[in-house]
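Let me begin by presenting the structure, written as structure tokens, before commenting on it.
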Amino acid sequence: MAHKFFPKEEFLLKGHAACPGCGAALVLRHVLKALGARTILVIPASCSSVIAGPFPKSSYSVPVLHIAFAASAAAASGIVEALDKLGEKTFNVVVWAGDGGTADIGIQALSGAAERGHDIIYICYDNEAYMNTGIQKSGLTPYKAWTTTTPRGNPSFKKDMPGIMVSHRIPYVATISPAYPNDIVSKIRKAAKIRGLKYIHAHIPCPPGWRFDSSLTVRIARLAVLSGVWILYEYENGVFRLTGPSRKLVDKSKRKPIGEYLKLQGRFRHLSERDVEELQKLVDERWEAIRKDIMGENA
Amino acid sequence: MKRMVLSGNYAAAYAVKAAKPHVVSAYPITPQTTVIEKISEFVEKGELDAKVIRVESEHSAMASVIGAAAVGARVYTATSSQGLLYMYEMCWWAAGARLPIVMGVVTRAIAPPWSIWTDHSDILTLRDSGWIIMFAASAQEVYDMTLQAYRIAEEQCVSLPVAVAWDAFVVSHTYEPVDILDDEEAKDFIRPREEKSLIDFEDPGSLGNLTYPDTYQEMRYDISRAMDNALSIIRDIDEEFGKKFGRKYGGLVEKYLCGDADYIIFLVGAAGGDARVATNILRRQGVKVGICRIRSIKPFPYKEIIDVCSRAKAIAVLDRSSVFGGKGPLAVNIRAALHESGINIPVLEVVGGLGGRDISVEDFLEIFRLVIKGKKGLIWWGLKGGE
């Protein structure tokens, strides 16, 4: 069913250098299918700088500006304004940045670009640590997750990056998951029609970084959504709406316990039962907050 | 041609207006601010059809003009001191990506301690980055050099970013008569940028792709060759500008009474004015002295330096920048030029004028006296309490 409205054309080419089971490759493939050939990618230092493959070839069949770690949103601002002045009318400028490039080193440039309102689709592909450099903790690493720089588990909480972007009063914020390609394509297409900075946050299971078998990427992505760890939603002009399977998960009894999601991943192997309970409690609190505060009387 | 009374910063803004960039992006820092204020005023009045991006940092200022230049736009930014250091990573990116960005740098001391006054330590941090570095000494020269910078940067055999520097306050905020080109004159000198755009949706390019050790070095060599090409381009464009508008500066260096000079001071920037006055005083006393003001720090004008030194008995080099644990950036290059050409004359290396400390006519007279005595080696000039 899903493939009915997906174009056949591929913009992420065969022979790209992503790891087997890479969630980022999966999402980028669908993002580019949704947007088509008139799309410019701006890619800061990240796995995707490498997935491109070495000069003189590129695994992306759209124009790409590779840029320094902190600079992607600013570089995209320049591209958008320049093309406008040069009279180019129909194109998408997409920042494709990792969690570190978005929530840590790149957050200042992103915040500036969002406040100025350039016509950019900014996508954070969030594999929840610095994976390209070897699994170091980022500002989007989950609480208690193992990384090479948090060998006993991450003591800090994951930043609510989409929430930060909502506070910038940008016209569109959404979350996506590689397990739900229809949802990816419809949100990206919606974003492309809206003027201003659109922020899309993708949950990206990473086999080597999260320590799971590369055949499990989609299953883990789906479990993250079904257990309510990763929530699919969108904010359109500040109005919140759950999407896809997340719509039915406000009722706790409909959500899977997070244990199944956690136990498939080596990065959570060290967790005690109490740790798992604590993480479950955090997920439940988040949903309670959604029910009460964000959904308001819609709940 | 129209004569106006402008500060160095306003002169830069008027040159940018004449160059008609598509995108101007900057972050405020003293003493650069009035450049960008003036440009914003031109844009808001409809006198310049450009997009001003009021970025949240200098890092983003450079990143955004990189993005804009990569898709074919003509761009401008300006900064100073801490701002230049903050955008430093992106400066290397601009040069490596071979983008013809023009940037104004109002030279200012680096903190701590805080200082807003002139000092060339900031601009000199760019010297290995692949930027062409030009240094002006008056508001008129800021205007002319900024316009010329676009021509140099966009020349196909160069394709490198150009920084145009001038001294904080002494030039940036000092008002002087400046001759401004008419629209027709400007159009004759500076044509629209010939786009070499990344954006071709039919045949998409990838700028900055990963390279392996088998390709990186050649790309660096290409930059080195482009720098060499810039030597003659800078000379030619100075000539062309001179023929068209009657103002010529001598290309890479401006020589003042160097022809028969026995003793020469080499320097950069606005201090050249006081040095000239000192030269005039000594010339009246029959002492053959001269001043060689370096206008192009990168590429470094070795040929011109050797030529100037070939008849000299002794020279001094003024480095108006911090020199820690080595020799000054100008001194080391001038010494290299002398060594390579077999000229063996005393070189007095003067480090001074830091953080805006004035170097007066009297100072230059004293430096000349030391040069005449054959003093050599490195001295910190005018230290309170002595060395």
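The values are calculated or read from the model by the stated rules, or taken from the named source; none is laboratory data. All of these numbers come straight from a predicted model, not from anything done at the bench. Every residue, glycine among them, receives a Cβ derived from its backbone with ideal geometry; neighbour counts consider all protein chains shown.
Okay, residues lined up against (1) of a type in the set (S, T, Y); (2) crowded, with 20+ Cβ neighbours inside 10 Å:
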| site | (1), (2) |
| --- | --- |
| B:I39 | no, yes |
| B:V43 | no, no |
| B:S60 | yes, yes |
| B:V71 | no, yes |
| B:Y76 | yes, yes |
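Are any residues in segment A:46-72 of a type in the set (A, V, I, L, M) and either on the phi > 0 side of the Ramachandran plot or more than 8 Å from chain B (Cβ to nearest Cβ) (or both), and if so, which ones? Break it down into steps so the answer makes sense when it comes.
Residues of segment A:46-72 that are of a type in the set (A, V, I, L, M), as a first pass: A:50-52, A:62, A:64-65, A:67-68, A:70-71.
A:I51 - this is the single residue of segment A:46-72 that is of a type in the set (A, V, I, L, M) and either on the phi > 0 side of the Ramachandran plot or more than 8 Å from chain B (Cβ to nearest Cβ) (or both).
The residues of segment B:121-153 that are outside any helix (DSSP H, G or I) and either in contact with a Gly (Cβ under 7 Å, 6 or more places away or on another chain) or at pLDDT below 95 (or both), listed by number, are B:G130, B:F135, B:A137. Taking the criterion of being farther than 19 Å from A:D119 by Cα and within 7 Å of chain A (Cβ to nearest Cβ), the residues of segment B:61-92 that qualify are B:E89, B:M90. Name the residues in segment A:253-276 that are surrounded by 13 or more Cβ atoms within 10 Å (Cβ to Cβ) and over 24 Å from A:V218 (Cβ atoms), would you? If the condition is that a residue be surrounded by 13 or more Cβ atoms within 10 Å (Cβ to Cβ) and over 24 Å from A:V218 (Cβ atoms), then A:H270, A:D275 are the ones that fit.
When restricted to residues that are assigned to a helix (DSSP H, G or I), over 22 Å from A:G101 (Cα atoms) and in contact with a helix residue (DSSP H, G or I) (Cβ under 7 Å, 6 or more places away or on another chain), segment A:193-216 contains 1.
Look at segment B:31-60 and say how many of its residues are in a helix (DSSP H, G or I) and more than 8 Å from every other protein chain (Cβ to nearest Cβ). Steps first, please.
As a first pass, look at segment B:31-60 and keep what is in a helix (DSSP H, G or I): B:33-44, B:58-60.
Those left that are additionally more than 8 Å from every other protein chain (Cβ to nearest Cβ): B:33-44, B:58.
Qualifying residue count for the region: 13.
Meeting the requirement of 2 or more residues that are without any contact (Cβ under 8 Å) to a residue 12 or more places away in the chain and in contact with a Phe, Trp or Tyr (Cβ under 8 Å, 6 or more places away or on another chain), no strands (runs of 3 or more DSSP E) wholly within segment B:196-299 can be named.
Just one residue in the set A:A68, A:A75, A:A52, A:A34 is within 19 Å of the chain's Cα centre (by Cα) and closer than 28 Å to B:Q217 by Cα; that residue is A:A52.
Within segment A:223-252, track down each residue that is of a type in the set (S, T, N, Q) and either surrounded by 20 or more Cβ atoms within 10 Å (Cβ to Cβ) or under 19 Å from A:V185 (Cβ atoms) (or both). Full working, then the answer.
Keep residues of segment A:223-252 that are of a type in the set (S, T, N, Q), which gives A:227, A:237, A:243, A:246.
Hits for segment A:223-252 are A:T243, A:S246.
One residue is enough: does segment A:165-173 have a residue meeting the conditions at pLDDT 95 or above and assigned to a helix (DSSP H, G or I)? Taking every residue of segment A:165-173 in turn, at least one turns out to be at pLDDT 95 or above and assigned to a helix (DSSP H, G or I).
Can you find a residue in segment A:114-125 that is within 19 Å of A:A174 (Cα to Cα), hydroxyl-bearing (S, T, Y) and within 20 Å of the chain's Cα centre (by Cα)? The answer is yes, given that some residue of segment A:114-125 is within 19 Å of A:A174 (Cα to Cα), hydroxyl-bearing (S, T, Y) and within 20 Å of the chain's Cα centre (by Cα).
Among the conditions (1) in a helix (DSSP H, G or I); (2) under 23 Å from B:A230 (Cβ atoms); (3) not charged (D, E, K, R), the only one that B:S64 does not satisfy is (2).
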